[in-house]
2 protein chains.
Amino acid sequence: MPAGSSKLIDADVHNALASPCDLLPFLPAYWREEVKQRGLNLPHAGYISPVGVLRQDAVPDDGEGGPGSSPAFLIKDHMDRYNIDFAILTGSGVLTLSLLNDPDYANALASALNEWQAQTWLEYSPRFRGSIIINHSDPAAAAKEIRKWGPHPSIVQVLMASGSNRLFGQRFFHPIYEAAEEHGLPVAIHPGSEGSGTAPNVTPSGRPTRYMEWHNILPTNYMATINSLVCEGVFEKYPKLRFVAIEGGLAWLPHLMWRMDKNYKALRSSTPWLRKLPSEYIREHIYVTTQPIEEPSNPAHILQILEMIGAPHMVMFSSDYPHWDFDNPKMALPPLPKELKERILWRNAAQLYRLPVDEEATVAASR
Amino acid sequence: MPAGSSKLIDADVHNALASPCDLLPFLPAYWREEVKQRGLNLPHAGYISPVGVLRQDAVPDDGEGGPGSSPAFLIKDHMDRYNIDFAILTGSGVLTLSLLNDPDYANALASALNEWQAQTWLEYSPRFRGSIIINHSDPAAAAKEIRKWGPHPSIVQVLMASGSNRLFGQRFFHPIYEAAEEHGLPVAIHPGSEGSGTAPNVTPSGRPTRYMEWHNILPTNYMATINSLVCEGVFEKYPKLRFVAIEGGLAWLPHLMWRMDKNYKALRSSTPWLRKLPSEYIREHIYVTTQPIEEPSNPAHILQILEMIGAPHMVMFSSDYPHWDFDNPKMALPPLPKELKERILWRNAAQLYRLPVDEEATVAASR
């Protein structure tokens, strides 16, 4: 096998709490009692997947905890099976903390999760790279959390719920971007919280009826988010900021880029802070992960979509392990030119997250 | 010029009231007094276009009324200039009546607009074809209005605001589809009401800040609408129903079709009423109009998108006259194969709306 061809970075791996009790050592007394009595009690949008959310075959060997809760089993069952160099950890079912009514509880949970991640996962193996989970409803507290964890050598990004009742380009959120840029960390969003808690909307016309309908339409929130970030000038204000749209697919990007560019040509007088076409900001600042990549019956169509997007550095492979719609790295991608495939499978993530995967010695040492 | 090559149907032409007073003869006494004192007083989302919404060069010759308000001038300035056989009338700035708090006022306005359209436009020329404007917030009243106007020889569709606080697939709206199907009329939505009145949301994450940002993101509501119509089984319940998504572009369709199909394969147990892939319902039941068609710098990309959609009958030319983002029928479309171009410029609309444009004699007589 040629050198480099077997490298792989997985940009969306869900590491789970085995039990809410795992957080108790990291919570202040008041919230510790709450969690003891009521569990995490996080908001939920109320859409139930008919196939469940977690792969039942991903339950750890010893039967303790649920899928994704054991570092050793996750490495064995997933990373070693597919020869994955690094897994970017994204937590599991906890991001709706940003949609809690009480920002103090949300902040306490985020802090506890970050401590738990560092002790349970990041110390376990350097192949795990962590996301700082933040409560986006309290940007000042979120910025503090980012500055606390930013210097940690295994931390590679900031992660927050994509569900929100405010669009992420708005000034309210800028302290988050300021802190992230300061530490050279991308800010990532992950879907699933749309319609939960303080984010009651799921579409511009209200709430879908069932899980499939809800899941089908989640990428429209990503379109709205990217539109807001660009139009509000976030990437002029924070020129080094990168933004990762995890688990939303990518075939909606050509439409969004073209429509934004067309409108910008006619309407740009209202956004004088923008200095280039919206699509140029998108190509420079937005990253997407592959799972669940769209699967047209003609796989050449995905290649055409990638050509329309015109930014081969934007796309990063992800498996979404251990979720129901997991993508097998050996099967998920359509036939792609070698250089593009290499970029998607590891090079783009290695560059964005500054991972030492392209130095053979370092990778070997990290195993 | 070869026979047939110069035919043209414009599927989105905005015929305007010269004044709210035009409606007074058609309103019941109570609402007549209201309109006299306060004008139409329709809800507005509060986003102001920096270039205005109407083309100032489309003000009628005599200076009376605004752009689109004179049947004679609209024929001269638009239809004769571009040799347009038929214009599908879609009203102007009135669809937000569906987002009024008071359904009685909305019903009265819709009825008055339909009377005004018949007398002022449909009687003026058979080249005008009308849309029954309905208040979608009172489906029983809307169905009555559809049954009243359905038999009119120049009526070709039902038209409603795309803005809503409920998704259009839900049972609440089914009386509208029942009446439309009964009369063989497509149901059309037109954007611009998103965020107005009783439809407070514009995105899953709240309201955009400015007009451009709002306008950029409107097609996501079309995605949510089509997703809802398909998932709720509207096209199984009303198999002859056709649905027209006016003025929303089309390059978002491949993503939506692929994502819906992929999810359906895994999750279809929750929608047992569906009997084929979501994309098949879309290809069979959804129509879109071209303006504002996306404009990639490489025009071949639009042809690729049309191939991905794989339904050459779905797309109908529209100009959006006299709105600011009007598309000139001679310039708006990228280079297309002859048969596809003919379909888009007139054949698809002629079939959907049953217009006699392919019989030379009838067209000549109608002029």
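The values are calculated or read from the model by the stated rules, or taken from the named source; none is laboratory data. Computed from a prediction, not measured in an experiment: that's the story for all the values here. Note that we place each Cβ from the backbone using ideal geometry, even for glycine, and neighbour counts take in every protein chain shown. Ligands, DNA and RNA are stripped out before the accessible areas are found, and what is left, the full protein with its side chains, is counted by its heavy atoms. Shrake-Rupley method; radii C 1.70, N 1.55, O 1.52, S 1.80 Å.
Taking the residues in segment B:196-218 that are part of a helix (DSSP H, G or I) and within 7 Å of chain A (Cβ to nearest Cβ) as candidates, determine which candidate is surrounded by the fewest Cβ atoms within 10 Å (Cβ to Cβ).
B:Tyr211
If the condition is being under 17 Å from A:Ala199 (Cα atoms), among the small types (Gly, Ala, Ser) and within 17 Å of the chain's Cα centre (by Cα), then segment A:129-168 contributes A:Ala161, A:Ser162, A:Gly163, A:Ser164. All of (1) among the hydrophobic types (A, V, I, L, M, F, W, C); (2) surrounded by fewer than 14 Cβ atoms within 10 Å (Cβ to Cβ); (3) part of a helix (DSSP H, G or I) hold for A:Ile48 with one exception: (3). For segment A:112-128, residues that are closer than 19 Å to A:Met79 by Cβ and open to solvent by 30 Å² or more (accessible area, probe 1.4 Å) total 4. Restricted to segment B:266-367, the set of helices (runs of 4 or more DSSP H) holding at least 1 residues that are in contact with a Lys or Arg (Cβ under 7 Å, 6 or more places away or on another chain) comprises B:278-285, B:348-352, B:360-366. Determine whether B:Ser228 is under 23 Å from A:Gly195 (Cβ atoms), at pLDDT 95 or above, facing another protein chain (nearest Cβ under 8 Å) and open to solvent by less than 10 Å² (accessible area, probe 1.4 Å). Answer is yes for this residue. The residues of segment A:302-332 that are open to solvent by 10 Å² or more (accessible area, probe 1.4 Å), in contact with a Leu (Cβ under 8 Å, 6 or more places away or on another chain), more than 14 Å from chain B (Cβ to nearest Cβ) and touching a residue at least 40 places away in the same chain (Cβ under 8 Å) amount to a single one, A:Pro329. Can you tell me which residue is surrounded by the fewest Cβ atoms within 10 Å (Cβ to Cβ) among those in segment B:84-103 that are in contact (Cβ under 8 Å) with a residue 12 or more places away in the chain and over 21 Å from the mean Cα position of the chain (by Cα)? The qualifying residue surrounded by the fewest Cβ atoms within 10 Å (Cβ to Cβ) is B:Asn101.
The criterion of being at pLDDT below 95 and in a helix (DSSP H, G or I) does not hold for A:Asp62. Scanning segment B:18-45 for residues that are outside any loop (DSSP other than H, G, I, E, B) and among the aliphatic types (A, V, I, L, M) yields B:Leu23, B:Leu24, B:Ala29, B:Val35.
Among the residues that make up segment A:163-173, is at least one of them within 12 Å of chain B (Cβ to nearest Cβ), open to solvent by less than 10 Å² (accessible area, probe 1.4 Å), under 18 Å from A:Leu109 (Cβ atoms) and touching a residue at least 40 places away in the same chain (Cβ under 8 Å)? Yes; the residues of segment A:163-173 include at least one that is within 12 Å of chain B (Cβ to nearest Cβ), open to solvent by less than 10 Å² (accessible area, probe 1.4 Å), under 18 Å from A:Leu109 (Cβ atoms) and touching a residue at least 40 places away in the same chain (Cβ under 8 Å). Condition test on A:Phe235, is it of a type in the set (Phe, Trp, Tyr) and touching a Phe, Trp or Tyr at 6+ places or on another chain (Cβ under 8 Å)? So A:Phe235 fits the description; yes. Among the criteria (1) open to solvent by 20 Å² or more (accessible area, probe 1.4 Å); (2) more than 26 Å from B:Glu123 (Cβ to Cβ); (3) not in a helix (DSSP H, G or I), the one B:Asp57 does not fulfil is (3). Quick check: anything in segment B:351-363 at pLDDT 95 or above and at positive phi? Scanning segment B:351-363 turns up at least one residue that is at pLDDT 95 or above and at positive phi.
Could you check how many residues of segment A:271-296 are among the hydrophobic types (A, V, I, L, M, F, W, C), open to solvent by less than 60 Å² (accessible area, probe 1.4 Å) and more than 21 Å from the chain's Cα centre (by Cα)?
Of the residues in segment A:271-296, 2 are among the hydrophobic types (A, V, I, L, M, F, W, C), open to solvent by less than 60 Å² (accessible area, probe 1.4 Å) and more than 21 Å from the chain's Cα centre (by Cα).
Just so you know, in segment A:235-257 the residues that are open to solvent by less than 20 Å² (accessible area, probe 1.4 Å) and in a helix (DSSP H, G or I) include one that is nearest to the other protein chains (Cβ to nearest Cβ), and it is A:His255. Count of segment B:178-195 residues, restricted to those that are of a type in the set (Gly, Ala, Ser), open to solvent by 10 Å² or more (accessible area, probe 1.4 Å) and either within 10 Å of the chain's Cα centre (by Cα) or within 14 Å of chain A (Cβ to nearest Cβ) (or both), is 1.
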